[in-house]
Amino acid sequence: MQALGSKNVTMQALGSKNVKAHSTARGSSYRQRLQYHRQLVTTSAQQEEGVQQQGAQPSPDMAPVIAASPRPSIPQLQEAVAEYLSLSEEEIEADMASAAKTASLWELLNNPEQDNTIFGNRARSATDANVLRRKGHLKEQDFLIDFMRRMHETHSCLEVMTKMEKWVNEHRKDPLRSRLKRLVPQLGQFFTPLHLVDAFLEYDEVFKLSRRKFIPPNFAELRHVVNIAQIHASAKNLRLITFDADGTLYADGCHFEQDNAMIAHIINLLQCDIHVAIVTAAGYPGEAQKFEGRLAGLLNTFRKLHLPPSVTDRFHVMGGECNYLLRVTPEDKRLEFVPDEEWKTEEMCRWHEDDIQYMLDGAEMLLMKGAKRLELEVSVMRKPRSVGIIPISPTIYEVLEDIALSAQTQLVANVPFCAFNGGNDVFVDCGNKSLGLQALMTFLGIQPHETLHVGDRFTLSGNDSATRDMCSVLWVADPNETGFFVRLLLKDIARRDLEAQHEQTMRRKLLLDV
Ligand code: IMP
Ligand code: MG
């Protein structure tokens with residue numbers, strides 16, 4: 001019944017539109033118009049001939065529209081039908097394409113159905129923008145997790161985790177010739193062991209993966225299990241945790257609000273003697289106040305709590321992937337740039353300004369070409385170390401993905417670059433987060449197994465993927481997940497510190513006894 005209802009409503013909208021402009025109608029597709037004209041021919045013919053066939057009556061939904069519309073004569077209609085039928089294949093194609101463009105899909109996607117009297121609540125949600133936009137799959141690409149998922153076709157969850165844990169250990173010993181490398185050739189390094197069985201059992205207690213008969217673990221669930229194993233492993237030696245900003249600490253394009261739960265977590269981490277840095281693509285050369293603006297909630301809290309410099313000195317921001325390093329000023333807790341010569345790697349210092357501009361020119365050209373091919377209206381943002389396109393007409397993740405991957409695969413340059421899909425934009429930056437992390441870790445004197453990066457974009461088109469070369473990672477879907485995993489980490493760290501204290505006390509006691 002619902003399906004029938006929705007068909008009639010579509011017809012209703014089409015009908016009233018086409019009657020008004022039937023002779024020049026270009027706004028609806030060939031098929032829609034033909035369908036409508038056929039219907040009108042039938043209805044008018046029945047009326048003129050005085051035929052009263054029960055089954056051929058317009059539906060009650062259609063009736064008021066047809067009755068209220070000026071009725072073209074039968075010859076007129078037949079002429080119109082003949083006109084459409086005489087179109088060549090190419091004309092029909094072109095007609096359908098232009099009709100598709102002007103059709104109201106975008107309207108429908110951008111203005112969720114308000115009137116639920118026709119469809120009822122369930123059907124109404126199907127017209128909501130989010131349904132078609134929330135495809136999810138492209139954001140969930142990972143060779144290792146996909147491999148684990150496929151293993152569930154022949155193994156139980158526990159068997160998968162047991163084998164994986166063993167293979168990860170083997171791979172850590174011989175990363176180039178391990179069995180896991182042969183099975184998943186794209187695999188990189190693991191900087192810590194991963195106790196996947198324990199993590200799985202912990203997760204299973206809540207989500208009952210092992211008790212499910214028909215529903216194997218999905219991508220997100222496997223990602224969660226791997227994250228939990230990574231947290232328990234990293235907590236043991238953690239000295240530096242870095243966070244991506246957009247999509248990880250706050251929603252894309254937003255900033256730290258005063259009440260952001262992550263503020264407390266970051267301060268707790270700093271107080272546990274752990275260095276914290278935000279490693280973000282966002283870059284504002286020479287404008288520390290712009291970085292401050294996005295982190296205002298956090299910096300205000302530093303001030304309010306009168307945190308000593310010994311704590312806030314452990315906080316940094318790496319902006320523009322790897323191009324700008326900022327620290328907190330000791331007294332007023334503002335941000336200031338760390339002079340390049342104090343932290344930039346030799347490789348970065350060798351980048352030639354001409355090569356950077358040449359790369360950005362090429363990137364801008366490729367981004368514009370991609371936008372043109374996909375008929376996307378964009379505005380261009382060019383900065384000294386990056387270039388991006390920002391859509392000014394509605395679009396979807398997949399279109400941006402296509403542009404990002406085109407730029408990534410076609411750009412040739414003498415300096416490293418990162419072309420990525422930001423979710424609402426596409427950027428090409430000079431350098432990448434791996435280089436940013438490398439410089440930061442050297443600056444702070446911290447090793448890969450002591451570092452953890454938390455980010456939301458680890459797919460081929462994501463700008464967090466590069467960090468995998470430098471340290472362990474946590475892949476989160478949104479800021480809520482970041483909060484959850486950081487709380488888990490803080491618990492582990494508290495336990496670690498307690499155990500260390502206990503051990504120290506015991507040692508002192510032993511010494512006294514001696
Ligand atoms: P991230 O997720 O914190 O790395 O930030 C990525 C987002 O930062 C992009 O999607 C853009 O919206 C924004 N952004 C602002 N300035 C820049 C820039 O110069 N390069 C790249 N991204 C930028
Ligand atoms: Mg992000």
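Just so you know, all these numbers are worked out from the coordinates, no wet-lab data involved. Because the structure is predicted, anything quoted here is derived from the model rather than measured. Heads up, the Cβs are rebuilt from the backbone with ideal geometry, glycines too, and the neighbour counts pull from every protein chain shown.
Assess whether Gln189 counts as being polar (S, T, N, Q) and in a helix (DSSP H, G or I). No; evaluated as a whole, the condition is false for this residue. Taking region 228-250 as the range and being within 25 Å of the chain's Cα centre (by Cα) and either more than 16 Å from ligand 2 (Cβ to nearest atom) or charged (D, E, K, R) (or both) as the test, the residues that pass are Ile228, Ala229, Gln230, Ile231, Ser234, Leu240, Asp244, Asp246. Among the residues in region 278-287, are any more than 16 Å from ligand 2 (Cβ to nearest atom), touching a helix residue (DSSP H, G or I) at 6+ places or on another chain (Cβ under 8 Å), outside any helix (DSSP H, G or I) and within 21 Å of Val486 (Cα to Cα)? No: zero hits.
Kindly indicate whether Asp361 is free of Cβ contacts under 8 Å to residues at least 24 places away in the same chain and either outside any helix (DSSP H, G or I) or of a type outside the set (Gly, Ala, Ser) (or both). Let's see the steps before the verdict.
Working: free of Cβ contacts under 8 Å to residues at least 24 places away in the same chain: yes; either outside any helix (DSSP H, G or I) or of a type outside the set (Gly, Ala, Ser) (or both): yes.
Yes.
Determine whether Leu440 is under 26 Å from Ile241 (Cα atoms) and in contact with a His (Cβ under 7 Å, 6 or more places away or on another chain). So Leu440 fits the description; yes. Residue count for region 435-446 satisfying the condition of being assigned to a loop (DSSP other than H, G, I, E, B) and either of a type in the set (A, V, I, L, M, F, W, C) or within 17 Å of Leu474 (Cα to Cα) (or both): 1.
So, in region 414-433, exactly how many residues are free of Cβ contacts under 8 Å to residues at least 60 places away in the same chain and within 15 Å of ligand 2 (Cβ to nearest atom)? Give the derivation first.
Going residue by residue through region 414-433, those that are free of Cβ contacts under 8 Å to residues at least 60 places away in the same chain are 416-417, 419, 421, 425-426.
Now narrow it down to the ones that are within 15 Å of ligand 2 (Cβ to nearest atom): 419, 421, 425-426.
Summing the residues that are free of Cβ contacts under 8 Å to residues at least 60 places away in the same chain and within 15 Å of ligand 2 (Cβ to nearest atom) in region 414-433 gives 4.
Would you confirm whether any residue within region 371-384 is touching a residue at least 60 places away in the same chain (Cβ under 8 Å), in contact with a strand residue (DSSP E or B) (Cβ under 9 Å, 6 or more places away or on another chain), under 25 Å from Asn323 (Cβ atoms) and crowded, with 18+ Cβ neighbours inside 10 Å? No.
Check Thr505 against each of (1) surrounded by 15 or more Cβ atoms within 10 Å (Cβ to Cβ); (2) away from ligand 1 (no atom under 16 Å from the Cβ); (3) not aliphatic (A, V, I, L, M) and name the one condition it does not meet. Going through (1) surrounded by 15 or more Cβ atoms within 10 Å (Cβ to Cβ); (2) away from ligand 1 (no atom under 16 Å from the Cβ); (3) not aliphatic (A, V, I, L, M) one by one, Thr505 breaks only (1). With respect to Glu347, determine if the residue is farther than 30 Å from Glu140 by Cβ and in a loop (DSSP other than H, G, I, E, B). No.
Of everything in region 454-463 that's within 19 Å of Leu269 (Cβ to Cβ) and not small (Gly, Ala, Ser), which residue is farthest from ligand 1 (Cβ to nearest atom)? It would help to see each step written out before you state the result.
Of all residues in region 454-463, those within 19 Å of Leu269 (Cβ to Cβ) come to 454-456.
Checking the rest, the ones that are also not small (Gly, Ala, Ser) come to 454, 456.
Details: Val454: 11, Asp456: 7 Å.
Ranking the qualifying residues of region 454-463, first place goes to Val454.
Figure legend. Inter-residue proximity from region 222-240: first residues closer than 18 Å to Ala500 by Cβ, second residues among the acidic types (Asp, Glu) and crowded, with 21+ Cβ neighbours inside 10 Å, beta-carbon distance below 9 Å, spacing 6+ or different chains. Indicated pairs: Ser234/Glu450; Asn237/Glu450; Leu238/Glu450; Arg239/Glu450.
Only one of these is in a helix (DSSP H, G or I) and within 11 Å of ligand 1 (Cβ to nearest atom): Thr409, Thr467. Name it. Testing whether each residue is in a helix (DSSP H, G or I) and within 11 Å of ligand 1 (Cβ to nearest atom) leaves just Thr467.
A single member of Phe485, Phe420 is of a type in the set (Phe, Trp, Tyr) and within 16 Å of ligand 1 (Cβ to nearest atom), and it is Phe420. Residue under question is Phe219, and the condition is that it be of a type outside the set (Lys, Arg) and either in contact with a strand residue (DSSP E or B) (Cβ under 9 Å, 6 or more places away or on another chain) or free of Cβ contacts under 8 Å to residues at least 60 places away in the same chain (or both); does it hold? No. All conditions in (1) under 26 Å from Glu481 (Cα atoms); (2) outside any loop (DSSP other than H, G, I, E, B) hold for Gln141, with the sole exception of (2).
Applying the condition of being of a type in the set (A, V, I, L, M, F, W, C) and farther than 21 Å from Phe256 by Cα to region 453-487 and asking which residue is nearest to ligand 2 (Cβ to nearest atom) yields Phe458. The requirement of being within 15 Å of ligand 1 (Cβ to nearest atom) and either surrounded by fewer than 18 Cβ atoms within 10 Å (Cβ to Cβ) or more than 17 Å from the chain's Cα centre (by Cα) (or both) is satisfied by Gly253. Taken as a whole, region 473-481 holds at least one residue that is surrounded by fewer than 17 Cβ atoms within 10 Å (Cβ to Cβ) and assigned to a helix (DSSP H, G or I).
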